Amino acid sequence: MAARWAPPAAFLLLLLLLAVLAPVLADKPARAGRGETDAEPEASSAVFQLFGNVYPHGLYYVAMSIGNPPKPYFLDVDTGSDLTWLQCDAPCVSCSKVPHPLYRPTKNKLIPCVDQLCASLHGGLSRNHKCDSPKQQCDYEIKYADQASSLGVLINDSFAVRLANASVVRPSLAFGCGYDQEVGSSTEVAPTDGVLGLGSGSISLLSQLKQHGITKNVVGHCLSMRGGGFLFFGDNLVPYSRATWVPMVRSAFRNYYSPGSASLYFGGRSLGVGPMEVVLDSGSSYTYFSAQPYQALVTALKGDLSKTLKEVADPSLPLCWKGKKPFKTVLDVKKEFKSLVLSFSNGKKALMEIPPENYLIVTKYGNACLGILNGSEIGLKDLNIVGDITMQDQMIIYDNERGQIGWIRAPCDRIPNENTVHGFEEGYCRPQFPNIFGIQNEECADYYRSNKE
């Protein structure tokens, strides 16, 4: 997860350190309830519009309505962490400027230390979950690799969610009330009010919605290269028969969504690096390779470029090129680069194509820059992160019900609604891979032609 209040953001390896802190609110316990629905709802799906982009904003975020009466808050969509949290006035010790008035909790919203959700949150990060009294509140501290952090207390409140079946539910869900933050600039207004944690842990909003019987434990996102996109909970939109699927693998690097190990190809040719452990993380703006595959990729790129491109310094990213004239979009330069492919050993023909537009950005200076960075420089060691730039214009599905991850090319700027939930599959298409993999390239020709125009 990246605490991305100062774009362009680097991936920030999430370290959750939970401790018993001095109480900030009164110790009146409260347990997350079933919400304001009169009857147990039938599991449905919910679709949310996304905002933002990789460059220059550095994140994708969603608007959520929280509280009673509901008020809007912008949350950074993060599949790389579990806990959802808002900057809040509890009172606030240190908060950055945010788009909306700070969330203000009430004392009866506190979740006690003895609650199972608090135990699960602590248990995923530390085995030393101890409560001094039944009324003790559930405190947390989240720290990120760039030294950003949030200190707060676990609370519950209602979330207004409009479902695909046209009903509106208001379940009471647990989330973090962050009253002491170190995130980005304290003078500039942050683009978001907090983080939407969509990992597979029990404290994740996705898991809580499943427990309430509202949606299945499936989440997906479609990040548009043009900006925006959509996020969904539940499986109504999932193209099970057409997507590429691999079993989820438990990552050695905490609770990330991982499709397993992959080999790296450039222009249909293996780069000769060992298997890469890969995780998918919407909380990372860019993609990160560990040292060996990163160096192999850079060497291949530099050896393959035409003489019309010259390496140039650009403050946006470490490796950039300029042309004879400034580039306006990635489409102006993509013909100078070849596609990458991640070939996963965890599934039959489980290939993820990374065309140039999924690893390059064009900056405000008119240069083309590599959006794949060296993860070893920020402490990622052998972990390889597939971030937002590489997931653009693909529907990525994290299916915790079946224990699998899927992806498929899709028109992410087409927002589905309750009237098109079941007819959206016609917009999907399979990616075009190099013929070396034995996959036909014609199935998606119309889609690729329309995106080149």
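Nothing in this text is a laboratory measurement; each read-out follows from the coordinates by a stated rule. Just so it is clear, the structure is predicted and the values come from calculations on it, not from any experiment. Heads up, the Cβs are rebuilt from the backbone with ideal geometry, glycines too, and the neighbour counts pull from every protein chain shown.
Details
- A simple spin-label model places the labels of E401 and H100 2.9 nm from each other, with each point 7 Å out along Cα-to-Cβ.
- Averaging the sequence gap over all C-alpha pairs within less than 8 Å and six or more residues apart, then dividing by the number of residues, gives the stretch 135-221 a relative contact order of 20 percent.
- Selection of chymotrypsin sites (Phe, Trp or Tyr not before Pro), the stretch 332-417, meeting DSSP coil and at most 15 other Cβ within 10 Å: Y365
- Whole-number percent relative contact order across the stretch 279-413, with pairs defined as alpha carbons under 8 Å at least 6 apart: 34
- Hz values of 3J(HN,Hα) by residue in the stretch 234-250 - Karplus curve (6.51, -1.76, 1.60), Gly and Pro given as x: x, 10, 4, 8, 6, x, 4, 7, 10, 6, 7, 10, 9, x, 5, 10, 6
- Gyration tensor (alpha-carbon) shape descriptor, the stretch 138-292, a/c threshold 1.5: oblate
- The stretch 135-228: chymotrypsin sites (Phe, Trp or Tyr not before Pro) falling in loop per DSSP and having at most 13 other Cβ within 10 Å: none
- Annotation: amide H of G80 within the under-5 Å range of L198, S282, G283, sequence separation 5 or more or interchain, hydrogens built in the peptide plane.
- Per-residue Karplus couplings for the stretch 84-89, computed as 6.51 cos²θ - 1.76 cosθ + 1.60 with θ equal to phi - 60°, are listed in order as 8, 8, 10, 5, 9, 9 Hz, Gly and Pro entered as x.
- Here the simple spin-label model places points 7 Å from the Cα toward Cβ, and for R414 and V312 these points are separated by 3.7 nm.
- Each Lys and Arg adds +1 at its Cβ and each Asp and Glu adds -1 at its Cβ; summed about the Cα centre, the stretch 326-423 shows a dipole of about 300 debye.
- The length gained by stretching the chain between Q292 and L305 to full extension, at 0.36 nm per residue less their Cα-Cα distance, is 2.6 nm.
- Rg/Rh for the stretch 51-193 stands at 0.97; both radii use Cα atoms, and Rh follows the Kirkwood definition.
- Whole-Å distance, taken between Cα centres, linking the stretch 316-382 and the stretch 272-286: 13
- The stretch 220-291, dipole about Cα centre (Lys/Arg Cβ +1, Asp/Glu Cβ -1), debye to the nearest 20: 120
- Placing +1 on the Cβ of every Lys and Arg and -1 on the Cβ of every Asp and Glu, with nothing else charged, gives the stretch 165-286 a dipole about its Cα centre of roughly 560 debye.
- You can think of it this way: the chain between K324 and I378 has 16.1 nm of extra reach, that is 0.36 nm per residue less the Cα-Cα gap.
- Within a straight-line Cα-Cα reach of under 23 Å, K334 can be paired with the following lysines, leaving aside sequence neighbours fewer than 8 residues apart in one chain: K302, K307, K310, K322, K324, K325, K364, K452.
- Both radii were evaluated on the Cα set of the stretch 184-229; the Rg over Rh quotient, with Rh as the Kirkwood radius, amounts to 1.12.
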